[in-house]
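Asker: There's a structure below that I have some questions on.
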Amino acid sequence: MGILDKNLSLRNRNKMLVGVWEDEDSLVAATSELVHNGVKIHDVYTPYPVHGLDRIIGVRRSKLARVAFFCAMTGFTLVTTMIWYMYVHDWPMNIGNKPVRFTPSWAPVMFEGTVLCTAFGMAFFFFWRNRLVHGIKNELLDDRQTDDRSIITVELTDNTDQNSILETMKKHNPVELREFHNGVQTTI
Amino acid sequence: MGHGHHIEIKQEQYTFSPKTKRFTIILMVLGLVLAGIGIANLNNDSHSTATEHKTEANANVHDSHGKDASAHGDHAAAASHDEPAEHGNVPNEQFGPRAEYHSLNKPATTRIFANLLVAGYFFLMISLAALFWYAIQYVANAGWSAAIKRVPEAVMTFIPVPLIVILVVLFLDKNNIYHWAHYEHLHLKPEDAGYDKILDGKSGFLNSTLLFAFPAILVTIWYLLSRKLRSLSIQEDSASKGDVSFFKKSIRYSATFAVIFGFTISIIVWLLIMSVDSHWYSTIFGIYNFITHWVSAITIMAIIILYLKKEGYFGIVTAEHMHDLGKFMFAFTVFWAYVWLSQYLLIWYAQIPEEMYYYQIRWEEYHYNFIINFALCFCVPFLGLLMRSAKRNPVVMTVIGIILILGHYHDVWFMVFPGVFGPGMQIGLLEIGTFLFFSGVFLFWVFTALTKRGLIAVNHPYLEESVYHDTGV
């Protein structure tokens, strides 16, 4: 697991407040109010995409598009070099008396190579970035967070006021409120 | 939905502002003036009257068909002597009659009619593509587009105008535009000199009756379905809130239209455009033409929406909707290039003489047009719309959109003109004028149609979903 950032793991962080919701609208309302009060939210886990939530918690734009562009350029260069080496430099072939250099027949291979590298590059980058590599232990804060529960996590530091955060969360009808520290959860 | 912030949905009524009206009229007048100068230049160029040309032309082609069948060495003699090796490749059997057909001194008016055909066809297909886009939104149960659905509704009202233009052009000048129509007119029997087996074999489909019947009947059917969809949409406006019966009916009519259109659009393309190169055929030509106009239609709709937003309408249409339209433009730009290359690559590789001449004349005699065509239809929009920020920027979208539309208009011009006139044609004032005039008429018509009803489909069941549409961070 060398490639993984240990700090990303929830176990290696400070004490967390975990609020569990079953209603999407209350979740969004709670999140907005927390953000409005200046609380720094660690993350919100939902089983399905909730519209507008990304903007509320200030998720930055994914860098996947840049990775895609980089992979596409890599694939394009690789494949063009490959065709050139095989078909022009190393072993030119006369097929239907067509020229060998930079003809339209290169285009499908260049396209496919570009797409292939982009697809694999993006998939691997996505898995790596989201820590979905083989052998990882899941870090579900609630067994139902991939089913029908949504979770707000707030990391507690010296400056955070735990009571006021709990107050705000309670206003929006959470199903449960918990504390999470060193891999142990306790209900509040 | 509806968390975070609430957006109020209000009906908006578009009024055709004098400024916009002036702009469309300027386009029309400028188009007419430029086309007029172009026509005047044509008349100065030709030294004899059109009728003389025509009789001369008929005699010529009759003659040429005779020569071709018997002594085809004549053509070889007329062609280049210094490259005898080429004669094995160049298909004189195919090329001969066609080259002779091109070398006819066609009347100057043919260029006017060919231009009208290009413009009529382009705007007909754009209106149809807008209708198809509208139908697809219903068939796919799409929610995001509900806020802008009045724009395709307005664009599709334009369908009958270019149809009439095309039918008039065909009536007046089909023999000079289509080689096969000219040939049909000669009534040759197999034993006659100049008999063309290929054209005779195609005469079951390529004949004057079907040339008029198919466009007239098919476009009328599509237009009637579009009228029905339009009336369902306006009835929905005055229905009670939550009444989805019109929506469900729209889905049914859209599905009907999509199926009919999908199976029959190619017929129009074959008859009107592909048959210009009468000996040639390409199985991908139908989809190629469809994509050309599909991406143009989406672009025109995007530009109209951006313009309306700039005038203060469409408050509920956000950068999210424009982003999705931009994705449409970008995706189908790529798809256009895919189909363009597919058609070119197979013909290039197979090197079958009767297929090859389509590209031979376009590559050798119209080299710059060939490159400009690919640059305007693919390179510019691909690089221009690649970035997310470009799709959300009204200025970039408008500029790239206009380039894209010019490119695709040139694409249609490029399909028709080398086929009708052979080598040596160029875009002149007449072409520019025709395009500007038709754009003016089109915009005038569409903006007038927009005033006929509210800009927002207030009772569309997915309107709220569309208003809160979000493509994410």
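Asker: Which one of the conditions (1) surrounded by fewer than 16 Cβ atoms within 10 Å (Cβ to Cβ); (2) in contact with an Asp or Glu (Cβ under 9 Å, 6 or more places away or on another chain); (3) of a type in the set (A, V, I, L, M) does B:I217 fail to meet, given that it meets all the rest?
Answerer: Just one mismatch for B:I217, condition (2).
Asker: Determine, yes or no, whether B:F378 is within 14 Å of chain A (Cβ to nearest Cβ), closer than 20 Å to B:I126 by Cβ, in a helix (DSSP H, G or I) and in contact with a helix residue (DSSP H, G or I) (Cβ under 7 Å, 6 or more places away or on another chain). Break it down into steps so the answer makes sense when it comes.
Answerer: Values: within 14 Å of chain A (Cβ to nearest Cβ): yes; closer than 20 Å to B:I126 by Cβ: yes; in a helix (DSSP H, G or I): yes; in contact with a helix residue (DSSP H, G or I) (Cβ under 7 Å, 6 or more places away or on another chain): yes.
Judged against the criteria, B:F378 is a match.
Asker: Quick one: which residue in B:I305, B:I316, B:I347 is assigned to a loop (DSSP other than H, G, I, E, B) and either buried (at least 17 other Cβ atoms within 10 Å of the Cβ) or of a type in the set (A, V, I, L, M) (or both)?
Answerer: On inspection, the qualifying residue turns out to be B:I316.
Asker: Can you run down the residue pairs with Cβ atoms below 8 Å, 6 or more apart or on separate chains, where the first is in region A:100-113 and within 8 Å of chain B (Cβ to nearest Cβ) and within 17 Å of A:T74 (Cα to Cα) and the partner is assigned to a loop (DSSP other than H, G, I, E, B) and modelled with pLDDT under 90?
Answerer: none
Asker: Going by what's in this entry, would A:V39 be described as more than 14 Å from chain B (Cβ to nearest Cβ), closer than 30 Å to A:M169 by Cβ and of a type in the set (V, I, T)?
Answerer: Considered against the rule, which asks whether it is more than 14 Å from chain B (Cβ to nearest Cβ), closer than 30 Å to A:M169 by Cβ and of a type in the set (V, I, T), A:V39 comes out as yes.
Asker: Still on this structure, I have one more. Which residue out of B:L450, B:L429, B:L455, B:L404 is in contact with a Pro (Cβ under 7 Å, 6 or more places away or on another chain) and more than 18 Å from B:Y359 (Cα to Cα)?
Answerer: B:L404
Asker: Take the residues of region A:23-36 that are touching a residue at least 60 places away in the same chain (Cβ under 8 Å) and buried (at least 20 other Cβ atoms within 10 Å of the Cβ): which is farthest from the other protein chains (Cβ to nearest Cβ)? Step through it out loud before you land on a result.
Answerer: Within region A:23-36, the subset touching a residue at least 60 places away in the same chain (Cβ under 8 Å) is A:23-24, A:26-27, A:29-31, A:33-34.
Right, trim to buried (at least 20 other Cβ atoms within 10 Å of the Cβ) and you get A:27, A:30-31, A:34.
Working: A:L27: 9, A:A30: 11, A:T31: 10, A:L34: 14 Å.
The qualifying residue farthest from the other protein chains (Cβ to nearest Cβ) is A:L34.
Asker: If a residue has to be part of a helix (DSSP H, G or I) and either in contact with a Cys (Cβ under 7 Å, 6 or more places away or on another chain) or small (G, A, S) (or both) to count, how many in region B:428-473 make the cut? Please lay out each step first, then the result.
Answerer: Residues of region B:428-473 part of a helix (DSSP H, G or I): B:429-451, B:463-467.
With either in contact with a Cys (Cβ under 7 Å, 6 or more places away or on another chain) or small (G, A, S) (or both) added as a condition, the list becomes B:433, B:439-440, B:449, B:466.
Qualifying residue count for the region: 5.
Asker: Can I ask one more? Could you check region B:442-473 and list, in sequence order, the residues that are buried (at least 20 other Cβ atoms within 10 Å of the Cβ) and among the β-branched types (V, I, T)?
Answerer: Result: B:V446, B:I456, B:V467.
Asker: I need every pair where a residue in region A:49-61 that is within 7 Å of another protein chain (Cβ to nearest Cβ) and surrounded by 13 or more Cβ atoms within 10 Å (Cβ to Cβ) has its Cβ under 9 Å from the Cβ of a residue that is part of a loop (DSSP other than H, G, I, E, B) and hydroxyl-bearing (S, T, Y), sequence separation at least 6 or different chains.
Answerer: Listed by first residue and then by second, the contacts come to A:H51/B:Y468; A:G52/B:Y468.
Asker: When you scan region B:211-222, do you find a residue that is under 28 Å from B:L170 (Cβ atoms), within 15 Å of the chain's Cα centre (by Cα) and not polar (S, T, N, Q), even just one?
Answerer: For region B:211-222, residues under 28 Å from B:L170 (Cβ atoms), within 15 Å of the chain's Cα centre (by Cα) and not polar (S, T, N, Q): present.
The values are calculated or read from the model by the stated rules, or taken from the named source; none is laboratory data. Treat the numbers as computed from the prediction; the structure is a model and nothing was measured. Neighbour counts are summed over all protein chains in view; Cβ atoms, including those assigned to glycine, are modelled from backbone coordinates with ideal geometry.
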